Each structure stands twice: as C-alpha cells, then as structure tokens.
Amino acid sequence: MDASCLEYRLSDEERRTFNETGFLQIENVLSDFQVAQLTAGTDSIYERQLAAGQSPQQSMFYPNFIPENPLFADLVDYPQILPKVWGMLGWNIYLYHAHLIVTPPAEQERPAAGVEKTFGWHHDSGRVNVEMESHPRPRLSLKVAYFLSDTSEEGRGNFWIIPGSHLHDELERPADGKGQPAGAIPVLAKPGTAVFFDRRLWHTASPNWSDVTRKVLFYGYGYRWIRTKDDMTVQDLWPQSDPIRRQMLGWGVNCNGHFSPSDDDVPLRGWLKEHSPHEAK
C-alpha cells in the first residue's frame, strides 16, 4: 500500500460528522472511467442472473461478488476509502460482507403523497440487535456504498436514512403504516459517490419510481472476530493479494489471531506503525 493514501485519512470534521450522524457522504471517489467499468461488471452479473430466471421486475441482491471481477477486488483496499474505514474502526478489521444491488424501475405508478407505505426500516446485523445488552448498541461494523447510477433525485430507489438514529435502539414508525418516520431523508448521490454508514443507522431501501435502473456496490467492514455474513469465496484471491488486502479478505494465521492478533495476522497495524504511528495503537 502506497503511503500517498494517507492523504485520504479521516479528517476531524469527517469523524465528527460520522460520530454524530452515523453517516458520511463523499462525492467523486470514483472517476467516470471507473464507474463505467464497474457498471459493466455489474451488468454482466445482472444479465447472467436474468438468464437464470431472475425477474426483471424484482431488485437483485447479489452477495459474494468480489471474486467476480478484479475491479471489485480493487475496491476492497481502495486508497481513497480504506484510510477512512480504519480511522472509524481501527486496524483489526476485514471485509465481512459484500453485496451489490440492482433496482429496476417499478412497474406500478407511484402512490400519491401521504398514502405511500412505510418503508422497511432496519438496523444491520440481525440478531446482534436482539442479543447485545448495551445501550446504545456497539458500532461493530460499517458499510461503504459506491453509487454507480444517478440517484441524485428522490424517487430513484434511493437509500433512506435518519441521521443520528444510530444512537437509538428503537424506532417509532407511523402507526397507520403510511409515510416515513420523523427525520427520514433520501440519500441523493451522483455516480462515483461513496457513502459510509454505521450499521446501527436506521435505514431502508425504497421503490424506484424513475426510469433509471439503480446500481450500488456495498462493502461491509467489521472487526476480525466477527463472522462473515455471507459465503464469501475470496480465499482464491489470497495468493495474488498483497498483505493488507489479504487481511481485508479474511486471511489470518489461526483462529485465535482474530481475537489476539499477531503482527502476521494484521499487516495493516505494522504498516501504520511505520507510516502513521498514532493510528497503530
């Protein structure tokens, strides 16, 4: 990893924004060329799934996409993003979950204002939110979403959030099941934008009422002692990966090293000791 990536470390302002809102949005992380290449890779998977019986009217949720294309693997330790991830979570991290979503235009017309159904608001991590005893629950992980399509207007299958809700274990939804909770907003993102969000942030997908097919790549980072959330078949990428990418792809010396890591388990820590010692603690 080149030391030039330190230019993209988490700033004090970014840290404050993420800690207070559970959310951070950065534009122009990907170039137009990168967006076009990644879109082509996403389209290839989508077309294959359609040929296998995926309904063209349904959203495609596709996990374990990293091994499908070297361009997807290059985002695992992307220099403009990984320094911010370790700035939020520290160095004992890896990619525990990844999925891409393609949301085609909805067939039905958009309901009138005031009668739209409440979306599927949730926290990430499933049973973690039932079995953890602390309040608020711990952060544990975050996701980075790379937007390939233009969702800079509302109604394009936007990702919705409630800023600051990551500090609240419960969410009060409309009793009649219509409309969205107080404080809910759509994320308006141009192609090439990266959005970081705390797993505890109350968020949801929404219908795509536009004629633009929504395409987003999600990379989930968590502590190395967290199990993978999907059947990530990334082991074949280990031999051709440098040590830090190998760490991000789940490599380790042994199981105990996920809890009490040696330098061999976490080359990111060794790299930080050399290039940014205060972040290696």
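The values are calculated or read from the model by the stated rules, or taken from the named source; none is laboratory data. Quick caveat, the model's predicted, so the values are computed rather than measured. With ideal geometry, Cβ positions are generated from the backbone for all residues, glycine too; neighbour counts draw on all protein chains shown.
Some observations on this one:
- Residue pairs whose Cβ atoms lie under 8 Å apart, sitting 6 or more positions apart in sequence or on different chains, and linking a residue in the range 177-205 that is acidic (Asp, Glu) to a partner that is modelled with pLDDT under 95, do not occur here.
- From the options LEU38, LEU71, residue that is closer than 20 Å to GLY220 by Cβ, touching a helix residue (DSSP H, G or I) at 6+ places or on another chain (Cβ under 6 Å) and surrounded by fewer than 17 Cβ atoms within 10 Å (Cβ to Cβ): LEU71
- Candidates in the range 127-154 are the residues that are among the small types (Gly, Ala, Ser) and at pLDDT 95 or above; of these, the one that is nearest to ARG15 (Cα to Cα) is SER141.
- Qualifying position, being surrounded by 15 or more Cβ atoms within 10 Å (Cβ to Cβ), out of contact with any strand residue (DSSP E or B) (no Cβ under 8 Å at 6 or more places or on another chain) and either closer than 30 Å to LEU75 by Cα or not polar (S, T, N, Q) (or both), among GLY179, GLY192, GLY164, GLY183: GLY179
- Any hit, the range 228-235, residues being closer than 22 Å to TYR94 by Cα, surrounded by fewer than 16 Cβ atoms within 10 Å (Cβ to Cβ) and more than 19 Å from the chain's Cα centre (by Cα): yes
- Of all residues in the range 98-119, those that are farther than 12 Å from SER55 by Cα and among the basic types (Lys, Arg) have Cβ atoms under 8 Å from Cβ atoms of residues that are modelled with pLDDT under 95 and part of a strand (DSSP E or B), 6 or more apart or on another chain, in LYS117/LYS178.
- Qualifying residue in the range 178-195 (condition: of a type in the set (Lys, Arg), closer than 26 Å to TYR46 by Cα and touching a Lys or Arg at 6+ places or on another chain (Cβ under 9 Å)): no
- The set of residues in the range 98-133 that are under 20 Å from TRP202 (Cβ atoms), among the β-branched types (Val, Ile, Thr) and surrounded by 15 or more Cβ atoms within 10 Å (Cβ to Cβ) comprises ILE101, THR103, THR118, VAL128.
- Verdict on GLU153 being in a loop (DSSP other than H, G, I, E, B) and touching a residue at least 12 places away in the same chain (Cβ under 8 Å): yes
- Candidate set from the range 231-257 (those that are free of Cβ contacts under 8 Å to residues at least 60 places away in the same chain and assigned to a helix (DSSP H, G or I)); member that is farthest from LEU71 (Cα to Cα): ASN256
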